[in-house]
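Remarks on the structure that follows.
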Amino acid sequence: MISSSNEYEYSYSESKSGHHHKYLIKPLIEMISEYVDIIEHQKKLRILDIGCGNGSLSNLIAQQGYEVVGIEESQSGVKLANKTFPNCRFIEASIYNLPDTELGEKFDIVIAAEVIEHLFYPKELVKNAKKCLKPNGHLILTTPYHGYLKNLMLAVSGKMDKHFTTLWDGGHIKFFSVATMTALLETENYTNIKFNFAGRFPYLWKSMLCSSTFVGN
């Protein structure tokens, strides 16, 4: 999760995986593996994990044989990640101000898992990811799924307030459907947009995973 200043930093005190990793990791790794044969020139795919939190997801991805760099604004998150997961590299930086000299056009895949829904300016994530990708690189986003049936079920079951709670500091402020995620990516000229889903039942999914390709300017 990304905060706007250290005063409101999201603090991390333990290195265990998030609850959402249980249902996201398998389809996420499958989505990454689809690009292995496509990116033949690279012996070891380089992956940038934007908004990596405590580094636990970066570590799970690195265990599959990929080179992973994590970006996180939370100072405590980066400190914990560097201490716990030496097989990855972690950098303290904001999604809105990525260090271009270190990251520019250096990655085959950029990932942001359950991050974009926390951002006031989600387009900046999609835009800045392009700067980090090699030509024909790939962006993979995951975010809670929202569709008409799911939202209807939330309303009918009386769970709307709990799901869209305003009482979670630093919580979700943007809610994406397949249509709105597609529109966002298309505004930044991403192509080959594909979706997969994870958690719960069809059309009541917990999260959606979206892969896309950026050919380059």
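Here residue 109 meets the list (1) more than 24 Å from residue 170 (Cβ to Cβ); (2) touching a residue at least 60 places away in the same chain (Cβ under 8 Å); (3) over 15 Å from the mean Cα position of the chain (by Cα); (4) crowded, with 19+ Cβ neighbours inside 10 Å almost entirely, failing just condition (3). Screening residue 73 on (1) in contact with a Gly (Cβ under 9 Å, 6 or more places away or on another chain); (2) over 23 Å from residue 36 (Cβ atoms); (3) surrounded by fewer than 20 Cβ atoms within 10 Å (Cβ to Cβ) shows it passes everything except condition (3). Can you name the residue in region 173-217 that is among the basic types (Lys, Arg) and either exposed (fewer than 14 other Cβ atoms within 10 Å of the Cβ) or within 20 Å of residue 137 (Cα to Cα) (or both) and, of all such residues, is modelled with the highest pLDDT? Filtering first and then ranking leaves 194. Within region 133-154, not a single residue is touching a helix residue (DSSP H, G or I) at 6+ places or on another chain (Cβ under 7 Å), closer than 20 Å to residue 66 by Cα and assigned to a helix (DSSP H, G or I). Pairs are defined by a Cβ separation below 6 Å, a sequence spacing of at least 6 or placement on different chains, a first member in region 1-25 that is surrounded by 16 or more Cβ atoms within 10 Å (Cβ to Cβ) and part of a loop (DSSP other than H, G, I, E, B), and a second member that is at pLDDT below 75 and acidic (Asp, Glu); the pairs so defined are 3/9. Taken together, 54, 59, 87 contain a single residue that is assigned to a loop (DSSP other than H, G, I, E, B) and closer than 23 Å to residue 198 by Cβ, which is 54.
The values are calculated or read from the model by the stated rules, or taken from the named source; none is laboratory data. Keep in mind it's a predicted model, so treat the numbers as computed, not measured. Cβ: placed from backbone, ideal geometry, glycine included. Neighbour counts: every protein chain shown.
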